[in-house]
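Q: My questions will all concern the structure given below.
The values are calculated or read from the model by the stated rules, or taken from the named source; none is laboratory data. Since we're looking at a predicted model, the values are computed, not measured. Heads up, the Cβs are rebuilt from the backbone with ideal geometry, glycines too, and the neighbour counts pull from every protein chain shown. Calculation scope for accessible area: heavy atoms of the full protein, side chains included, ligands and nucleic acids excluded. Shrake-Rupley method; radii C 1.70, N 1.55, O 1.52, S 1.80 Å.
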Amino acid sequence: MKDPKDTRVVIGMSGGVDSSVAALLLKEQGYDVVGIFMKNWDDTDENGVCTATEDFEDVIRVCNQLDIPYYAVNFEKQYWDKVFRYFLDEYKAGRTPNPDVMCNKEIKFKAFLDHAISLGADYLATGHYAQVSEIDGVYEMLRGKDNNKDQTYFLNQLSQDVLAKVIFPLGHLEKKKVREIAREHDLATAAKKDSTGICFIGERNFKEFLSEYLPAQPGEMQTLDGEVKGRHDGLMYYTLGQRQGLGIGGAGEPWFVVGKNLEDNILYVGQGFHHDALYSEALIATQINWISRKAPNGEMECTAKFRYRQDDSPVTVQVLDDDKVKVIFHESQRAITPGQAVVFYDGEVCLGGATIDEVLKEDQALTYVG
């Protein structure tokens, strides 16, 4: 790496505390730092208030405090084409998409990285909690030190070319320490709450938002034995293992979504958190990205995550072809959901990830696969 003062780092700044501290740390290390705010979505509400405008104002305050230049760049069209259309298509197909994974793949570490390089950047930095190491010209992505904040799950589609150009200044820090640093330097965002949820939905009701883009098709809510328990508002509003919003009362254990029948527009429900239909033994995944570029030969043992906030589970991965794997669970798993990411790990190293297509029990696809 060149001398920091001769190294330009463009940092994606969201107006939050993480990216603010990441910019501060880069500046302290002597880099030529440029802050860029990405506008990916027009989120103006009915009162004409746009939270992106407020966030950009926070970016301006922090950049002025750090004495670094700042710009805004608009990726709304790319975001609509690459992330939002995918989001809608997945819901239409009865699946549950992961727009954060797609946004990182297509926008933050593709369109934005290209833009940063066009500005003369040597590196792109973000406030993600992850780490990069390089051994003999091969880049590895490691979990962030803070297990509670580690974001490698959402970064599983990054490639060697991208990791060669990326810096994660917060990867070695706990979130608590990041807040401390922000307070010590009196950064404008030191006390700002972390944003949650999908950026283009924000604080709005998810059902209302989705109904603006996809026509809802209400239908029957049934048990797997065909007993009608009520009506659903549209299959797209429900995900596997969901308890809230079913409107089924009565005695006994709570009811959960256990499957979907897209063809007949039926939502299957079952009683009990541990309903047998929610448990599976394996999955089929496609759209695979191996971060090292090397797929395992035939079969490998590793651990996997099937959703962001969960512990790793031991699995056996069988490579079926260049873009398909079968993942066999060493212990049965609850509510594995098509459309979500399965992400593979070897200790601290994130090996890559794929999109869950089918969920299997006794080698048969379960009811909620299309």
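Q: Can you give the local net charge around residue 88? Use residues other than it whose beta-carbon is closer than 14 angstrom to its beta-carbon, Lys and Arg +1, Asp and Glu -1. Walk me through the numbers on the way to the answer.
A: Values: positive: 82, 85, 92, 95; negative: 81, 89, 90, 212.
Result for the local shell: 0.
Q: What's the carbon and sulfur percent of region 202-332's accessible surface, probe 1.4 angstrom, rounded to a whole number? Intermediate values should be presented prior to the final figure.
A: On the way: 3180 of 7170 Å².
Exposed carbon and sulfur together represent 44 percent of the surface.
Q: Could you report region 247-317's accessible area per residue, 1.4 Å probe, as an integer in Å²?
A: Working: 3490 Å² over 71 residues.
Accessible surface, normalised per residue, equals 49 Å².
Q: Report the net charge of residues surrounding residue 337, where surrounding means a beta-carbon distance below 10 angstrom and charges are Lys +1, Arg +1, Asp -1, Glu -1.
A: Values: positive: 95, 307; negative: none.
Value of the local net charge: +2.
Q: So if we plug the beta-carbon distance of residue 310 and residue 118 into 1/(1 + (r/R0)^6) with R0 = 41 Å, what FRET efficiency do we get, rounded to 0.05? Intermediate values should be presented prior to the final figure.
A: On the way: r = 38 Å, r/R0 = 0.94.
The pair residue 310/residue 118 has a calculated efficiency of 0.60.
Q: What shape does region 311-363 have by the C-alpha gyration tensor, where a ≥ b ≥ c are the square roots of the eigenvalues, rounded means a/c under 1.5, and otherwise prolate means a/b greater than b/c and oblate the rest? It would help to have the intermediate numbers written out before the result.
A: Working: a/c = 1.43, a/b = 1.15, b/c = 1.25.
Rounded is the answer for region 311-363, as its axis ratio a/c remains below 1.5.
Q: Please report the carbon-and-sulfur percent of the accessible area for region 48-98; probe 1.4 Å, protein heavy atoms only, DNA, RNA and ligands left out.
A: Values: 1320 of 2650 Å².
C and S atoms contribute 50 percent here.
Q: Please work out the Cα center distance from region 53-114 to region 319-338, rounded to the nearest Å.
A: Answer, in whole Å: 29.
Q: Based on the Cβ-Cβ distance of residue 362 and residue 201, what FRET efficiency does E = 1/(1 + (r/R0)^6) give at R0 = 35 Å, to the nearest 0.05? Provide the component values of the computation, followed by the final result.
A: Values: r = 37 Å, r/R0 = 1.06.
Result of the calculation: an efficiency of 0.40.
Q: How far apart, in nanometres, would the label points at residue 80 and residue 161 be if each is projected 7 angstrom from Cα along the Cα-to-Cβ direction?
A: 2.7 nm
Q: A follow-up question, please. If a/c stays under 1.5 just call it rounded; otherwise compare a/b with b/c (prolate if a/b is bigger, oblate if not). Do that for region 155-212, with a ≥ b ≥ c from the square roots of the Cα gyration tensor eigenvalues.
A: oblate
Q: What is the gain in length, in nm to one decimal, between residue 3 and residue 148 on full extension, counting 0.36 nm per residue of separation less the C-alpha to C-alpha distance? Could you put the intermediate results ahead of the total?
A: Values: separation 145, 0.36 × 145 = 52.20 nm, distance 3.33 nm.
Stretched fully, the residue 3-residue 148 segment lengthens by 48.9 nm.
Q: Still on this model: Taking square-rooted eigenvalues a ≥ b ≥ c of the alpha carbon gyration tensor, is region 55-153 rounded, prolate or oblate, where a/c under 1.5 means rounded and, failing that, a/b exceeding b/c means prolate?
A: Details: a/c = 1.67, a/b = 1.18, b/c = 1.41.
Oblate.
Q: Calculate, in nm to one decimal, what residue 54 and residue 134 gain on full extension: separation in residues at 0.36 nm each, minus their alpha carbon distance. Intermediate results must be reported in sequence, preceding the final value.
A: Working: separation 80, 0.36 × 80 = 28.80 nm, distance 3.76 nm.
25.0 nm is the gain from fully extending residue 54 to residue 134.
Q: Past 26 Å, Cα to Cα, is the threshold; run 27/294; 77/177; 305/361; 324/361; 149/207; 77/145 against it and keep the listed order.
A: Working: 27/294 36 Å; 77/177 36 Å; 305/361 18 Å; 324/361 18 Å; 149/207 28 Å; 77/145 35 Å.
Pairs exceeding 26 Å: 27/294; 77/177; 149/207; 77/145.
Q: So, one more: In what sequence, highest mean first, do 242-248, 265-271, 144-150, 342-348 appear when ranked by Cβ atoms within 10 angstrom? Walk me through the numbers on the way to the answer.
A: Details: 242-248: 13.4, 265-271: 21.0, 144-150: 17.3, 342-348: 19.4.
Result, highest mean Cβ count within 10 Å first: 265-271, 342-348, 144-150, 242-248.
Q: Please report the spacing between the Cα centers of region 206-232 and region 264-279 in Å, no decimals.
A: Using only Cα atoms, the two centres lie 14 Å from each other.
Q: Which of the peptides 221-227, 157-163, 280-286, 83-89 is most tightly packed, and how do the rest follow, going by the mean number of other Cβ atoms within 10 Å of each residue? Let's see the in-between values first.
A: Numbers: 221-227: 13.6, 157-163: 19.0, 280-286: 21.0, 83-89: 17.3.
Sorting 221-227, 157-163, 280-286, 83-89 by mean packing, highest first, produces 280-286, 157-163, 83-89, 221-227.
Q: Be a star and scan region 230-254 for residues whose amide nitrogen sits under 20 Å from the point 7 Å along the Cα-to-Cβ vector of residue 264.
A: 230-241
Q: Can you list the aspartates and glutamates whose alpha carbon sits under 15 Å from that of residue 82, skipping same-chain ones fewer than 8 residues off?
A: Those aspartates and glutamates meeting the cut-off are 90, 100, 106.
Q: Let me spell out the model: positive unit charges on the Cβ of Lys and Arg, negative unit charges on the Cβ of Asp and Glu, origin at the Cα centre of the chain. What dipole size does that give, in debye rounded to 20?
A: Computed about the Cα centre, the dipole is about 480 debye.
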